[in-house]
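Engineer: Shown below is the structure under consideration.
The values are calculated or read from the model by the stated rules, or taken from the named source; none is laboratory data. From a predicted model like this one, the values you see are computed outputs, not experimental measurements. Here Cβ is always computed from backbone atoms with ideal geometry, including for glycine, and neighbour counts include all displayed protein chains. To get the accessible areas, we keep the full protein, side chains included, count just its heavy atoms, and leave off ligands, DNA and RNA. Shrake-Rupley method; radii C 1.70, N 1.55, O 1.52, S 1.80 Å.
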Amino acid sequence: MNGASFEQEHSGDASQAAAVPLVRAEAPRPGGRAAHYTGHMTVYVLVVALVSATGGMLFGFDIGIVGGVEAMASFQKQFFPDIYARTVSGMGDTNAYCKFHDMRLQLFSAIMFLSGAVVAVPAGYAARVFGRKISMLVSGCLFLLGAGLQAGAHSLTQLIVGRCVLGLGVGTAACVVPVYIAEVAPYASRGGLAYLFQVATTVGILAAQLVNWGCQWIPDWGWRLSLGLAAMPASILCLGGLVLPESPSYLIEQGRWAQGRAVLQKLRGTDEVDAEYADICDAAQQAAKVSNVQSWKNLVARHNLPMFIMSTSLAAFQQLTGINAVIFYAPIMFDSLGDSSSALLNAVVIGATNVLCTFVGLVLVDRWGRRPLLIQGGLQMAVSQIATAIVLALSFKSDGTIASGAAIAALVLICVFVAGFAWSWGPIVWVLGAEIQTMDTRTSGMSATVAVNYLCSFIIGQSFLSMLCAMEWGTFLFFAAWNLLMTVFVFFLLPGQRWGIPIEDTAYSCLFARHPIWKRVMGRAGRAVLEREGFRAAAWREARGVEGGDLRQLAKYYQTMGL
């Protein structure tokens, strides 16, 4: 969309003109355009973020439910009789680390992530073309269908098909929900609201583990109830897809200027949204020039390459922490360690730790910043995994069992590991993946982030039990090494400035353009980003200082300068 179409849209009739009130003349305040953002946290935007974050609950419930279902004797007897013979019947002389080693079991656990990785690209396309609301609605419907297929399955093939459909729903939600929350949130509170996606994920995990703990007492069909209850969070997301407002950024990008401004005013709790509206309008003008195919190409253009590398690398590292392996297989892992009577209860303890510590991160993310939390969390996870490996290496008896004290120590150390993940690498990967992209690459960039994350999740989920059987306690050292590596990566390559930055601003690009390493990658493109930002800031100050000036005047400045 060019400057002429912008003016036509705003001057075509009285109602549209009224949607763009005059900007009051006032002296520029320090801090750039963000200093003129007058919106604040409202109950309405909090409710919007909470309902949309239910998409994270889909993901959490599913990964939390699988390990507990696999530990149920009735489920094993029907679908995995070999494992049932080794664990319940006690047949065979099997290493404690290898009791659940079965490629089909791993496929059942991990296939959802492969399906989610496949759907990530079309989900990003759909979010940009059809909107965030419709995409969330489709996600909830797919999850409902998958939950029904799993709960009613009578063969392993039906189970796997159901999990594939679940993956389509979960992958779509992961692509859309963080972007949607980032676009509706006030910039100063965006980190905390974006954390709600991870909070919902952890609540979903805990809810699933509590469901499993209760359903284990239901003979024969308890596992069906566990899998079928996934329909509850899916129903909430479907409802949200019907009643939530569309993202202001999407509305304005589609040329629905007056509607986008009205939604923005309602979200911010004020009519004075000139500065933020101007930034979104400018970003929309730039994004409208970029096709969906070009959006993917722009991800690897030099001015976007650092953000693309950072978001996809963090997505891969998140799974190389080993978190999903622990959450997936906690019940059967503790069962393997000779603590079968309380395996599901231990999983509940881990889930509760995950929820509580995610709230700690929610409080700290906009105060401490993203980078310090990632570094602290990475070190904490590495140390706890090394300690877990030492406990397991020293505590196994000759009969393949482990002393109760050592089992408790392992549980505590795993909780310390989960705590470090919950307030750092768990949510921040999704926060950064959504917020550091420009509007024209936001949906494609989030799709790439989800695809990389889910592909790594599939690889880890498909291989963890094999690793546990082959490497035994050394598996935890393997993940500890990755935690140390990714901490070093963040220390040197993630810009360290505080991250309370408007999402439609170019300040994120500027952070990377000023970084001592990334500025060499960006080259002249980085210098152009800094120069353009200087011109935009000057244009804003001049437009704000003109008596009777309005946002159409600001658009003319941008058009004249070629911005």
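Engineer: Of F108, F113, F100, F75, which residue is open to solvent by less than 10 Å² (accessible area, probe 1.4 Å), outside any helix (DSSP H, G or I) and among the hydrophobic types (A, V, I, L, M, F, W, C)?
Structural biologist: Details: F108 fails: outside any helix (DSSP H, G or I); F113 fails: outside any helix (DSSP H, G or I); F75 fails: outside any helix (DSSP H, G or I).
Being open to solvent by less than 10 Å² (accessible area, probe 1.4 Å), outside any helix (DSSP H, G or I) and among the hydrophobic types (A, V, I, L, M, F, W, C) holds for just one of F108, F113, F100, F75, which is F100.
Engineer: Still on this model: G148: closer than 20 Å to A53 by Cβ and within 29 Å of the chain's Cα centre (by Cα), yes or no?
Structural biologist: Numbers: closer than 20 Å to A53 by Cβ: no; within 29 Å of the chain's Cα centre (by Cα): yes.
The answer is no for G148.
Engineer: Inside the range 32-49, can you point out the residues that are at pLDDT 75 or above, more than 25 Å from R532 (Cα to Cα), open to solvent by less than 70 Å² (accessible area, probe 1.4 Å) and not in a helix (DSSP H, G or I)?
Structural biologist: T42
Engineer: Separate question: Quick one: how many residues across the range 225-239 are under 9 Å from T54 (Cβ atoms) and buried (at least 24 other Cβ atoms within 10 Å of the Cβ)?
Structural biologist: Of the residues in the range 225-239, 3 are under 9 Å from T54 (Cβ atoms) and buried (at least 24 other Cβ atoms within 10 Å of the Cβ).
Engineer: Given the criteria closer than 18 Å to V273 by Cβ and at pLDDT 60 or above, does W540 qualify? Outline the logic, then answer.
Structural biologist: On the way: closer than 18 Å to V273 by Cβ: yes; at pLDDT 60 or above: yes.
Criteria met by W540.
Engineer: Restricting attention to the range 441-468, and to residues there that are at pLDDT 90 or above and among the aromatic types (F, W, Y), which single residue is least open to solvent (accessible area, probe 1.4 Å)?
Structural biologist: Y454
To keep it simple, each residue is scored yes or no on (1) more than 30 Å from Q106 (Cα to Cα); (2) part of a helix (DSSP H, G or I); (3) not basic (K, R).
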| position | (1), (2), (3) |
| --- | --- |
| L264 | yes, yes, yes |
| Q286 | yes, yes, yes |
| R302 | yes, no, no |
| F317 | no, yes, yes |
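Engineer: With respect to A182, is the statement that it is open to solvent by 10 Å² or more (accessible area, probe 1.4 Å) and of a type in the set (G, A, S) true?
Structural biologist: Working: open to solvent by 10 Å² or more (accessible area, probe 1.4 Å): no; of a type in the set (G, A, S): yes.
When the stated conditions are applied, A182 does not pass them.
Engineer: Suppose we filter the range 287-310 for residues that are touching a Gly at 6+ places or on another chain (Cβ under 9 Å) and among the hydroxyl-bearing types (S, T, Y); how many remain?
Structural biologist: Residues meeting the conditions: 1.
Engineer: Are there any pairs with C-beta distances below 9 angstrom linking a residue in the range 346-366 that is assigned to a helix (DSSP H, G or I) to a residue that is open to solvent by 50 Å² or more (accessible area, probe 1.4 Å) and at pLDDT below 85, with the two at least 6 apart or on different chains, and if so which?
Structural biologist: Correct list of pairs: A347/W213; V348/W213; D366/A188; D366/R498.
Engineer: Tally the residues that are touching a residue at least 40 places away in the same chain (Cβ under 8 Å) and open to solvent by 10 Å² or more (accessible area, probe 1.4 Å), restricting the search to the range 256-270.
Structural biologist: Number satisfying all stated conditions: 5.
Engineer: For V418, state whether it is among the hydrophobic types (A, V, I, L, M, F, W, C), surrounded by fewer than 18 Cβ atoms within 10 Å (Cβ to Cβ) and either more than 13 Å from the chain's Cα centre (by Cα) or modelled with pLDDT of 90 or more (or both).
Structural biologist: no
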